[in-house]
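The values are calculated or read from the model by the stated rules, or taken from the named source; none is laboratory data. Please read all numbers here as calculations on a predicted model, not as lab measurements. Virtual Cβ from ideal backbone geometry, glycine too; neighbours counted across all protein chains shown.
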Amino acid sequence: MNIKEEILKLKEMKKAVILAHNYQIPEIQDLADFVGDSLELSKHSKKINAPLIVFCGVRFMAETAKILSPRKKVLLPALDAGCPLADTILPDQLLALRAKHPDAWVVSYVNTSAQIKALSDVCCTSSNAVAVVKNVPVKKVIFVPDKNLGNWVAKNVPEKEIIIWQGFCYVHEQFTLEELERAKKRLPDAEILVHPECRSEVVEHADFVLSTAGMLAHAKKSSAKRFIVGTEEGMLHKLKKESPDKEFYSLGCAKTCVNMKKTTLRQLRDSLAKERYEIDLEKEIIAKASVALERMIEYI
């Protein structure tokens, strides 16, 4: 029995569901029951009936699944799969910001720790950040932690005052305007799709600014046959899989998230077999963070 067969057998035996983010390695994506972006995975976590969720992603994603499904056991196969962007803001820093702006709502990107979500009024993802900020019932918003997504929101919601934390995703920060201009010259017929975590100058010169789920939907309906993609390179696997008649290229050299690539087939098998690396959160954190996450889903 090979390792893939072992995983499938264990999954069936333990009545488990495997969730994977779009940036996971192809072998993990192909074995998962559901592959998606943060918003899709959040919704799916809430609906799952299975008692065991194995989350192939990074820690904040597994925490989100636990917050939305607190009675289920949630496993993270790669214990050290963190998120440097989520780590850019700490609870004490957010509390200080809230004290400075008591009339503001805190909108936290889902790429944050459970503790930050618990201190937030509402969460958002790259798919719905603009809609969430438009819908919050205040004129002033503290947006954490990604400055590039915050700038994109500010551009699209000019009627609100947005205080932006200066964190960033080290992967998306690597895409440059020079790479984009070279790509346009090399493939003038290709559409350029970039994630809103990219730098503002890259976002401004792209053809479309989309979440990973948005990229998939756009590629399917677009009349274009070639696409240059400005996000983590794992996304190309799913794009090619869902639109096999089209061509997809990374913007510049392929950019990789080290943490997203930490989950291997062996780790997935071992996590299932031993039910190891369970996500455990305090009940108070779950209760407070769930309010922000539930609001996120309502505001879509």
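So, Val291, is that one closer than 23 Å to Ser113 by Cβ and in a loop (DSSP other than H, G, I, E, B) or not? Steps first, please.
Numbers: closer than 23 Å to Ser113 by Cβ: yes; in a loop (DSSP other than H, G, I, E, B): no.
Considered against the rule, which asks whether it is closer than 23 Å to Ser113 by Cβ and in a loop (DSSP other than H, G, I, E, B), Val291 comes out as no.
Hey, among the residues in region 76-135 that are farther than 18 Å from Gln166 by Cα and polar (S, T, N, Q), which one's surrounded by the fewest Cβ atoms within 10 Å (Cβ to Cβ)?
The selected residue is Asn135.
Count, please, the residues in region 157-179 that happen to be in a helix (DSSP H, G or I) and over 20 Å from the mean Cα position of the chain (by Cα). Step through it out loud before you land on a result.
Within region 157-179, the first condition is being in a helix (DSSP H, G or I), and the residues that meet it are 172-174, 177-179.
Right, trim to over 20 Å from the mean Cα position of the chain (by Cα) and you get 177-179.
Number satisfying all stated conditions: 3.
What's the number of the only condition in (1) in contact with a helix residue (DSSP H, G or I) (Cβ under 9 Å, 6 or more places away or on another chain); (2) surrounded by fewer than 19 Cβ atoms within 10 Å (Cβ to Cβ); (3) closer than 27 Å to Ala32 by Cβ that Gly214 fails to meet?
Only one criterion in (1) in contact with a helix residue (DSSP H, G or I) (Cβ under 9 Å, 6 or more places away or on another chain); (2) surrounded by fewer than 19 Cβ atoms within 10 Å (Cβ to Cβ); (3) closer than 27 Å to Ala32 by Cβ is unmet by Gly214, namely (1).
Return the residues of region 221-260 that are within 28 Å of Phe55 (Cα to Cα) and among the small types (Gly, Ala, Ser); say none if nothing qualifies.
Gly230, Gly234, Ser243, Ser250, Ala254
Looking only at region 241-272, filter to residues that are in the same structural domain as Leu10 (by TED's automatic domain parsing) and in a helix (DSSP H, G or I); which one of those is surrounded by the most Cβ atoms within 10 Å (Cβ to Cβ)?
Taking the candidates together, the pick is Leu268.
For region 38-62: of the residues being in contact with a strand residue (DSSP E or B) (Cβ under 8 Å, 6 or more places away or on another chain) and either farther than 20 Å from Ser211 by Cβ or outside the structural domain of Lys14 (by TED's automatic domain parsing) (or both), which is surrounded by the most Cβ atoms within 10 Å (Cβ to Cβ)?
Only one residue tops the list, namely Val54.
Could you check region 76-132 and list, in sequence order, the residues that are touching a Phe, Trp or Tyr at 6+ places or on another chain (Cβ under 6 Å) and acidic (Asp, Glu)?
Asp121 - this is the single residue of region 76-132 that is touching a Phe, Trp or Tyr at 6+ places or on another chain (Cβ under 6 Å) and acidic (Asp, Glu).
Kindly provide the set of residues from region 136-175 that are crowded, with 16+ Cβ neighbours inside 10 Å and among the β-branched types (Val, Ile, Thr), ordered by number.
The answer is Val136, Val141, Ile142, Val144, Val153, Val157, Ile162, Ile163, Ile164, Val171.
Tell me, which residue of region 193-211 that is in a strand (DSSP E or B) and out of contact with any Leu (no Cβ under 6 Å at 6 or more places or on another chain) is surrounded by the fewest Cβ atoms within 10 Å (Cβ to Cβ)?
The first filter runs over region 193-211 and keeps only residues in a strand (DSSP E or B), leaving 193-194, 208-209.
Now restrict to residues that are out of contact with any Leu (no Cβ under 6 Å at 6 or more places or on another chain): 194, 209.
Values: Val194: 25, Val209: 23.
Looking at the filtered set, the residue picked out is Val209.
Looking at Lys238, is it of a type in the set (D, E, K, R), in contact (Cβ under 8 Å) with a residue 40 or more places away in the chain, under 30 Å from Pro70 (Cβ atoms) and part of a helix (DSSP H, G or I)? First the steps, then the outcome.
Working: of a type in the set (D, E, K, R): yes; in contact (Cβ under 8 Å) with a residue 40 or more places away in the chain: yes; under 30 Å from Pro70 (Cβ atoms): yes; part of a helix (DSSP H, G or I): yes.
For Lys238, the condition - of a type in the set (D, E, K, R), in contact (Cβ under 8 Å) with a residue 40 or more places away in the chain, under 30 Å from Pro70 (Cβ atoms) and part of a helix (DSSP H, G or I) - is met.
Looking only at region 220-232, filter to residues that are touching a residue at least 24 places away in the same chain (Cβ under 8 Å) and not β-branched (Val, Ile, Thr); which one of those is nearest to Ile192 (Cα to Cα)? Explain how you work it out, then say what you get.
Let us first name the residues in region 220-232 that are touching a residue at least 24 places away in the same chain (Cβ under 8 Å), namely 222, 224-232.
Going one step further and asking which of them are not β-branched (Val, Ile, Thr), we end up with 222, 224-227, 230, 232.
On the way: Ser222: 12, Ala224: 10, Lys225: 12, Arg226: 9, Phe227: 6, Gly230: 8, Glu232: 14 Å.
Here the residue is Phe227.
Could you check region 179-194 and list, in sequence order, the residues that are among the acidic types (Asp, Glu) and in contact (Cβ under 8 Å) with a residue 40 or more places away in the chain?
First, the residues of region 179-194 that are among the acidic types (Asp, Glu): 179, 181, 189, 191.
Scanning region 179-194 gives a single hit, Glu179.
Within the set of pairs 6+ apart or on separate chains, which have a first residue in region 281-300 that is within 22 Å of Leu76 (Cβ to Cβ), a second that is among the acidic types (Asp, Glu) and assigned to a helix (DSSP H, G or I), and C-beta atoms under 7 Å apart?
Every condition considered, the pairs that remain are Leu281/Glu63.
Name every residue in region 1-16 that is exposed (fewer than 15 other Cβ atoms within 10 Å of the Cβ), part of a helix (DSSP H, G or I) and touching a strand residue (DSSP E or B) at 6+ places or on another chain (Cβ under 9 Å), in order of residue number.
none
For region 141-156, how many residues are assigned to a helix (DSSP H, G or I) and either farther than 21 Å from Asn128 by Cα or of a type outside the set (Lys, Arg) (or both)?
Quick first cut of region 141-156, residues assigned to a helix (DSSP H, G or I) only: 147-156.
Now narrow it down to the ones that are either farther than 21 Å from Asn128 by Cα or of a type outside the set (Lys, Arg) (or both): 148-154, 156.
Number satisfying all stated conditions: 8.
Please tell me if Leu19 is part of a strand (DSSP E or B) and crowded, with 24+ Cβ neighbours inside 10 Å.
On the way: part of a strand (DSSP E or B): yes; crowded, with 24+ Cβ neighbours inside 10 Å: yes.
It is true that Leu19 is part of a strand (DSSP E or B) and crowded, with 24+ Cβ neighbours inside 10 Å.
Of the residues Ser223, Ser243, which single one is of a type in the set (S, T, N, Q) and in contact with a helix residue (DSSP H, G or I) (Cβ under 8 Å, 6 or more places away or on another chain)?
On the way: Ser223 fails: in contact with a helix residue (DSSP H, G or I) (Cβ under 8 Å, 6 or more places away or on another chain).
Sole residue among the options that is of a type in the set (S, T, N, Q) and in contact with a helix residue (DSSP H, G or I) (Cβ under 8 Å, 6 or more places away or on another chain): Ser243.
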